[in-house]
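Structure first, then comments.
Rule-based calculations on the coordinates, nothing more; no lab input. Remember, it's a predicted structure, so these values are computed and weren't measured experimentally. Ideal geometry is used to build each Cβ from the backbone, glycine not excepted, and the neighbour counts take in all protein chains shown.
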Amino acid sequence: MTYLISKYQYKNNLAKVVNKTAVVLFILYSLLMANSQTQKPNHLIDEKSPYLLQHAYNPIEWYPWGEEAFAKARAENKPILLSIGYSTCHWCHVMEEESYSDDEVAAVLNDAFVAIKVDREERPDIDAIYMNVAILMNGRGGWPLNIIMTPEQKPFFAATYIPKEDRFGNMGLISLAKQVKGLWQNEPERILEFSDNLLNSLQNQQQGSAGQSIGAAVLDTAYNNLSSRFDPEFGGFADSVKFPSPHNLLFLLRYYHRNGDAQALNMVEITLQAMRNGGIYDHLGYGFHRYSTDQKWLIPHFEKMLYDQAMLAIAYTEAYQITKKPIYKQTAEEIFSYVLRDMHDVLGGFYSAEDADSEGEEGTFYLWTLKELSEILSNDDVGFLIDNFDLSQDGNFFEAPSTELTGKTILHPSKDLNAAELKKWQGIQRLLFEHREARIHPYKDNKVLTDWNGLMIVALAKAARAFSNQSYQKEATKTADFILEYLKDSDGNLLHRYREGESGIQATLDDYAFLIWGLQELYEANFEVKYLKEAKELSDTMLESFWDSEYGGLFLTANNAEELLLRPKEIYDGAIPSGNSVATLALLRLARSLGIVDYEIKAAELSGAFSSQVLANPAGHTFLLSALDFVFDNSYELVISGDYNDAATQNMIELVRAEYLPNKVVLFRPLGKEPEIVNLATYTRYQYQIEDKATAYVCENQVCNQPTNDAGLMLELLQNKN
């Protein structure tokens, strides 16, 4: 699509439009706040979002999203500059320091626009709408996301990073603002016509995309597509910039489990091992960085996101279950060590992210020089790192797209270590970690989001079962209790964000779907019925509040939410699975757990509503396909009946938990005529233990086997491949 402002040939190539001096211009948030003593705050000063507060002392007259800003735009007949980002976004920082803190830029923007700031993590609904605008106009999106729109919220311009001044043939922010002002004053009809046409295109995307029904063959198509893009040497599914995309790996594990295709498992293992050994993994403090800028997973974008930790922990946990290789268990446990140490609120929630930047540069916290390490370690230890951890005088770190080495090193193993080498590394690791802790830490976004915490509950609950680790179960329970206490309103509806004692923002579909999934996994970890009951109640609310009665599927926003330009409805699995994909899995699991077929019917309608999109690009919807594998492959319902503290009962439970059995639900029926689970899953009413022994009731593909006291036979029934 041709831009309305033809001179602005935005190429969206960050490396070409920003030189290294832009990074140097980045000033720490703490320094900004120190300077704020003499700077008048704008309208963001009372917000809770760390991202918005980072901009509260900009000379730009920022407003939060709301009627006050729209009314001002209408009254003053100005277009709106909508800037969307998040607190740990590196290029958001660059643009803030280069332009939004600049008095010259502020004067121009305040004259031309009413300016609104949005935290995409607080308002994923707004972000989804205008990200689709950027993709429709430019073919791609990203953050910072800058939209220019009418006071009626109709967009007519979209870009990501914009330099302050014209650079390399690209129009700068000052020139852009002046041109938009001129067009708005002199040719408003052109803008309004363009924005109306753009809105029509967006609305057409929102309509149903149902086509032919989705069958099991789509799993093969997705597998073949992933296989064709797979990097056999370093893993992943791209040539250069690589994202972990753990939902792709979860799909491949299920594909291997379904048909025994060794290449599917091989793709997972090569990827997991390469990521674990690369610079994308923090080998001192643990946890994964956001993505790699190179083929080898060596040079990361250094921010750490909670959702990445959760989804990758799930992938490593499931890989351990299916292979029993200790390195996968170790990696998952190290991820949990990181989030429980550095990202955990005392009340039980988990924080959102850690920045890539510290001391004004990306990666400073994580990088080392040979000289610095020689001052900390013995000569023998330095020699060990040279031989085994890619340490050299030149370093291994470069700033893409340049490949010029900087003399800085990302410590990572350059080969497999034997037992003696691992022991030596552990000693060096402890010393360097303690030394690194004294550095200035990257900024931490300490807001707690319901959806991302739902994913962390899933990860902890799965690991609690797979590793027989009660501490993980307790942490998952603590997080769930925190959300259910602090992130619900007086009517029992979920809220999206908690920070500094204040909960707020109406929940989105992702909040409901991810938490429901988390509560289901938690129930199977602790067998406390209240969590399964809560999952059912939230599912009912989700279907009532988010369902699209015209085209099917679930909207991102509730039917009583703020009226926006559009109601987004998404199925594509991006950085994290879509809410509709997770909801499909949650509804299928709930149907089988409770014996309520209506939930399965709704799951079928949900996936069918997006069938055209899914069939056109199966590999872009791998979490949805993992959900559908639940019904395409053999699926099982298992009820274990007995005394929970009895050794035979525990043996049954532990046998099931140790195995990779993705398409099953497990209920526990304790002794007694009417235990609580019977009121929720009525079919368990007569599933007593037989002969006063722990008893397993196994149903496969909606056909029930004879109950058994034999734990080995129970496992055979659950592993049936016929």
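The figures follow:
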| read-out | value |
| --- | --- |
| Spatial separation of Cα centroids for region 38-53 and region 283-342, in angstrom | 34 |
| Global geometry of region 366-438, whether rounded, prolate or oblate, following the gyration tensor of its Cα atoms and the 1.5 cut on a/c | prolate |
| Cleavage-rule hits (trypsin sites (Lys or Arg not before Pro)) in region 519-602: DSSP loop, at most 13 neighbouring Cβ within 10 angstrom | none |
| Cα gyration tensor, region 636-718 - rounded (a/c under 1.5), prolate or oblate | oblate |
| In sequence order, calculated HN-Hα J values of region 144-156 (Karplus, 6.51, -1.76, 1.60; Hz; x Gly/Pro) | x, 10, 10, 10, 10, 8, 6, x, 8, 6, 8, x, 9 |
| For region 697-714, Karplus couplings with θ = phi - 60° (6.51, -1.76, 1.60), whole Hz, Gly/Pro x | 10, 10, 10, 10, 6, 6, 10, 9, 8, 5, x, 9, 8, 8, 5, x, 5, 3 |
| The chain - share of DSSP beta bridges that are antiparallel (%, nearest 5) | 75 |
| Per-residue Cβ neighbour rank within 10 angstrom, fewest leading, 685, 254 | 685, 254 |
| Net dipole in debye of region 293-332 [+1 Lys, Arg Cβ; -1 Asp, Glu Cβ; about Cα centre; nearest 20] | 260 |
| Positive-end extreme of charge dipole, the chain - chosen from 70, 99, 652 (charges on Cβ) | 652 |
| Expected 222 nm ellipticity per residue - DSSP helices of 4 or more, -39500 (n - 2.57), all of the chain, to 500 | -15000 deg cm²/dmol |
| Anchor residue 424: lysines whose Cα lies under 22 Å away (excluding residues fewer than 8 positions away in-chain) | 325, 329, 371, 415 |
| Table column - 3J(HN,Hα) (Hz), region 652-668, Karplus curve with 6.51, -1.76, 1.60, x for Gly and Pro | 4, 4, 5, 4, 5, 5, 6, 8, 7, 9, x, 9, 9, 10, 10, 10, 10 |
| Cα centroid of region 93-153 to Cα centroid of region 247-267, whole Å | 40 |
| Backbone N within region 670-698 under 15 Å of label point (7 Å from residue 648 Cα along the Cβ vector) | 671, 688-697 |
| Option label - Cα extents along the principal axes in Å computed here, alternatives [x] 73, 65, 63; [y] 79, 59, 50; [z] 85, 70, 48 | [z] |
| Neighbour-count order for 346, 268, 665, fewest beta carbons within 10 angstrom listed first | 346, 665, 268 |
| Cα long-axis angle, helix 579-594 against the chain (0 to 90 degrees, to the nearest 10) | 20 |
| Which of 155, 54, 171, positive extreme of dipole for region 14-206 (C-beta unit charges) | 171 |
| Amide H within-cut-off set for residue 87, under 5 Å, with H built and near neighbours excluded | 51 |
| Given charges at Cβ of Lys, Arg, Asp, Glu: the chain dipole, positive-most of 348, 607, 675 | 607 |
| Alpha-carbon centroid distance for the pair region 617-643 / region 420-487, whole angstrom | 27 |
| Sequence-distant lysines (8 or more away, or on other chains) whose Cα lies within less than 18 Å of residue 673 | 693 |
| Trypsin sites (Lys or Arg not before Pro) within region 62-171: DSSP coil, no more than 12 neighbouring Cβ in 10 Å | 140 |
| Assigned charges on the beta-carbon of Lys, Arg, Asp, Glu; the chain dipole about Cα centre (debye) | 800 |
| Distance violations [Cα-Cα > 25 Å] among 447/474; 304/569; 72/444 | 304/569; 72/444 |
| Three-way shape label, region 298-357, alpha-carbon gyration tensor, a/c 1.5 | oblate |
| Dipole moment magnitude, nearest 20 debye, region 499-629 about Cα centre, only Lys, Arg, Asp, Glu C-beta charged | 280 |
